[in-house]
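Novice: Before I ask anything, here is the structure I am working with.
The values are calculated or read from the model by the stated rules, or taken from the named source; none is laboratory data. Model, not experiment: these values are computed from the prediction. Using ideal geometry, Cβ is built from the backbone for each residue, glycine included, and neighbour counts are taken over all protein chains shown.
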Amino acid sequence: MAIRPHRLDLFHTELPARMPFRYGMASMSRLTHVLLKITAEIDGETSTGFAAENLCPKWFKKDPAQSLEEESAELKEVVGQAARFAAGLDAASPFAFQRKLAARQSQWGNESGLPPLLTGLGTSLVERAVIDAFCRRHRTTFARALRANAFGIDLGAVHASLGGTAPADWLPAEPLAKVILRHTVGLGDPLTAGEIPAGERLDDGLPQALDDIIVAGGIRHFKIKVAGSPAEALDRLRAIARVLQDHAPAEYAFTLDGNESFANGSDLAALGEGLATDPDLVSFARHLLFIEQPFPRDLALTEAAGEAIHGLPRPWPVIIDESDATPESLPEALRLGYAGTSHKNCKGVFKGIANACLLAQRRRQNPDAPTILSGEDLTTVPPFALQQDLAVQAALGNASLERNGHHYFAGLAGWPAEIRRETAAAHPDLFRPLGTDNATLAIAAGEIATGSCNAAPFGTVAAPDLAALFPRLGPPMEAS
């Protein structure tokens, strides 16, 4: 087995949002989307792979002193640097290739003073393109290659306790054919149609307010973003609770995303006390699944954070997300009392697989301990990022996934007609028509289908001519 890239091409486009998305310290109205094409010799044949990602400011790096323009330029530099490193590498397997690339990218990031979550974005983008090229070359699917360990994953190299085991020892035998969609309720999202000012109402065929969203898709799982003081967060939760109790199915469930906004354990305790005792929230809080990343990353993996988690008035599980930046992050979080982490492809596919296996091992060893690998979203959109993320989540067995890209972006409207047609045709189970020349995520009874993603090499069969459709993000990178 051998992998040798010949050439990597980066492209970009701007995607306008249909409505602002407030998350943490950022409010997003449009995003740069990067697309990567890799051409590589894989086991004696030339193969092409693709990957893509939205460049979300104020998530990979939360520096209030840095402008959005400065951070966007830094995100582009990170993915460009990873592609340049990849052009000079070769390895015996996709996993070995990722390890080599991660070592170079991490060293560069450390020397440049960049946080590992940010530098890892570049590594993960190339990693996904290599996985895609590998699956296309061997005419296999991601799930089949994972079960056979065709990627050459050495779990013990990531988590020592998994030494001598393979992914198939821990993961489901088959990928999920459908998943529950966990709808994001952003910090600025309207909760009822009546509260939307006339000048801000959208007429694009998609629901805008939370009450209409619930009815349109039968949504029963929710991810609620909270920020500000505990009092402000509790006020927002009271308003959301009324909407869910009036419109959501009786068995609804939700998670809380702190987005690193709780400065100390006292703030988290105040939020927990309100959920546990406020007459307007007690019934609502019974539907809470877990709390995600309440603390800033410089506090999250400290003993003080662990004490705050143990001090919650109810045994609600707490997981990390932004703090899951390196292979060492999850074991340290578990030691402190966290219940797990999230998986997003942007944090690394093979790292996510190893984390899933580590959590499965913990579940077997201690069935009574809360153990969570949550499927989360970073506004993933077609034609590659969404389907590749779904393929991984389905293979890991993540049955409830936060999805928000379809909500903040108007289906495939931001893409050229060729991509709209090819994507919709390749995934008739995942998309439904929207108007005459658009398509959007097909949500039925709160669920989406993953069958076409599972059947493709790595999420999708699409292979558009990127050079004919999008401007380049720098010159091609070729092996010397």
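Novice: Give the range 242-264 a look and list any residue that's in contact with a helix residue (DSSP H, G or I) (Cβ under 6 Å, 6 or more places away or on another chain) and surrounded by fewer than 22 Cβ atoms within 10 Å (Cβ to Cβ), or say none.
Specialist: So the first thing to find is which residues in the range 242-264 are in contact with a helix residue (DSSP H, G or I) (Cβ under 6 Å, 6 or more places away or on another chain), and the list is 243, 247-248, 252, 262.
Those that are in contact with a helix residue (DSSP H, G or I) (Cβ under 6 Å, 6 or more places away or on another chain) and surrounded by fewer than 22 Cβ atoms within 10 Å (Cβ to Cβ): 243, 247, 252.
Novice: Search the range 78-116 for residues being aliphatic (A, V, I, L, M) and not in a helix (DSSP H, G or I), and hand back the single one that is nearest to residue 325 (Cα to Cα).
Specialist: Across the range 78-116, the extreme among qualifying residues is 114.
Novice: Let me ask something additional. Tell me the residue from 41, 71, 45, 53 that is without any contact (Cβ under 8 Å) to a residue 24 or more places away in the chain and not assigned by TED's automatic domain parsing to the domain that holds residue 298, please.
Specialist: Of the residues listed, the single one that is without any contact (Cβ under 8 Å) to a residue 24 or more places away in the chain and not assigned by TED's automatic domain parsing to the domain that holds residue 298 is 71.
Novice: Which one of these does residue 202 not meet: (1) under 19 Å from residue 443 (Cβ atoms); (2) free of Cβ contacts under 8 Å to residues at least 40 places away in the same chain; (3) of a type in the set (A, V, I, L, M); (4) assigned to a loop (DSSP other than H, G, I, E, B)?
Specialist: (2)
Novice: What's the number of the condition residue 380 fails, among (1) under 21 Å from the mean Cα position of the chain (by Cα); (2) part of a loop (DSSP other than H, G, I, E, B); (3) surrounded by fewer than 24 Cβ atoms within 10 Å (Cβ to Cβ)?
Specialist: Result: residue 380 fails condition (3) only.
Novice: For the range 178-189, how many residues meet the condition of being surrounded by 15 or more Cβ atoms within 10 Å (Cβ to Cβ) and at pLDDT below 95? Explain how you work it out, then say what you get.
Specialist: Pass one, the range 178-189, residues surrounded by 15 or more Cβ atoms within 10 Å (Cβ to Cβ): 178-187, 189.
Pick out the ones that are also at pLDDT below 95 and you get 186-187, 189.
Residues that pass the stated criteria total 3.
Novice: Any residue in the range 89-106 that's more than 21 Å from residue 142 (Cα to Cα): show its pairings with residues that are of a type in the set (A, V, I, L, M, F, W, C) and in a helix (DSSP H, G or I) at Cβ separation under 7 Å, as long as the two are six or more apart or on different chains.
Specialist: Listed pairs, sorted by first residue: 89/97; 89/101; 104/85; 105/82; 105/85.
Novice: Return the only residue of 421, 403, 432 being within 13 Å of residue 386 (Cβ to Cβ) and among the charged types (D, E, K, R).
Specialist: Details: 421 fails: within 13 Å of residue 386 (Cβ to Cβ); 432 fails: within 13 Å of residue 386 (Cβ to Cβ).
None of the others qualify; the one that does is 403.
Novice: Does at least one position in the range 32-42 carry a residue that is in contact with a helix residue (DSSP H, G or I) (Cβ under 6 Å, 6 or more places away or on another chain) and either at pLDDT below 90 or surrounded by fewer than 15 Cβ atoms within 10 Å (Cβ to Cβ) (or both)?
Specialist: No, the range 32-42 contains no residue that is in contact with a helix residue (DSSP H, G or I) (Cβ under 6 Å, 6 or more places away or on another chain) and either at pLDDT below 90 or surrounded by fewer than 15 Cβ atoms within 10 Å (Cβ to Cβ) (or both).
Novice: Filter the range 260-292 for residues that are assigned to a loop (DSSP other than H, G, I, E, B) and either farther than 22 Å from residue 399 by Cα or not assigned by TED's automatic domain parsing to the domain that holds residue 317 (or both) and give the result.
Specialist: Within the range 260-292, 260, 261, 262, 263, 264, 278, 279, 280, 281 meet the criteria.
Novice: Looking only at the range 425-445, how many residues end up being in contact with a Leu (Cβ under 9 Å, 6 or more places away or on another chain), among the small types (Gly, Ala, Ser) and surrounded by fewer than 22 Cβ atoms within 10 Å (Cβ to Cβ)?
Specialist: Residues in the range 425-445 being in contact with a Leu (Cβ under 9 Å, 6 or more places away or on another chain), among the small types (Gly, Ala, Ser) and surrounded by fewer than 22 Cβ atoms within 10 Å (Cβ to Cβ): 1 in total.
Novice: I'm trying to understand the selection: among the residues of the range 314-369, which are among the hydroxyl-bearing types (Ser, Thr, Tyr), assigned to a helix (DSSP H, G or I) and surrounded by 24 or more Cβ atoms within 10 Å (Cβ to Cβ)?
Specialist: None - no residue of the range 314-369 is among the hydroxyl-bearing types (Ser, Thr, Tyr), assigned to a helix (DSSP H, G or I) and surrounded by 24 or more Cβ atoms within 10 Å (Cβ to Cβ), so the list stays empty.
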